[in-house]
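The values are calculated or read from the model by the stated rules, or taken from the named source; none is laboratory data. As the structure is a computational prediction, the values presented were derived from the model and not from experiment. Each accessible area value is taken on the protein alone, full model and side chains, heavy atoms only, with ligands, DNA and RNA left out. Shrake-Rupley method; radii C 1.70, N 1.55, O 1.52, S 1.80 Å.
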Amino acid sequence: MLVLEIAVVLLAISASAFGVFLHFWSKRKIADLEADILKLQEKGVNVQMDSLLKTAKTPEQKEA
C-alpha cells in the first residue's frame with residue numbers, strides 16, 4: 001500500500017512539473033512568434049500581429 005501511495009505522489013508531482021513546463025514553453029513560443037512577426041514587419045511584409053496572436057494565445061495569457 002505504501003508503494004502505491006508513493007507512486008501516486010510521484011505521478012502527481014511529475015504531472016504538475018510537466019504542466020509548469022508546458023506553460024513556460026507556450027510563453028516562449030508566443031514570444032518567438034512575436035519576434036518573427038516584428039522581423040517580417042521590418043522587412044515590409046504586411047502582417048497583422050493581433051490576428052495571428054489571437055489564435056495562438058491561451059485564455060490565461062489573454063487576461064494577463
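Tabulated data for the structure shown
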read-out: Matching residues in segment 1-35 - criterion: being open to solvent by less than 80 Å² (accessible area, probe 1.4 Å) and of a type in the set (D, E); value: D32, E34
read-out: Helices (runs of 4 or more DSSP H) within the chain that include 2 or more residues within 12 Å of the chain's Cα centre (by Cα) and at pLDDT 95 or above; value: 2-42
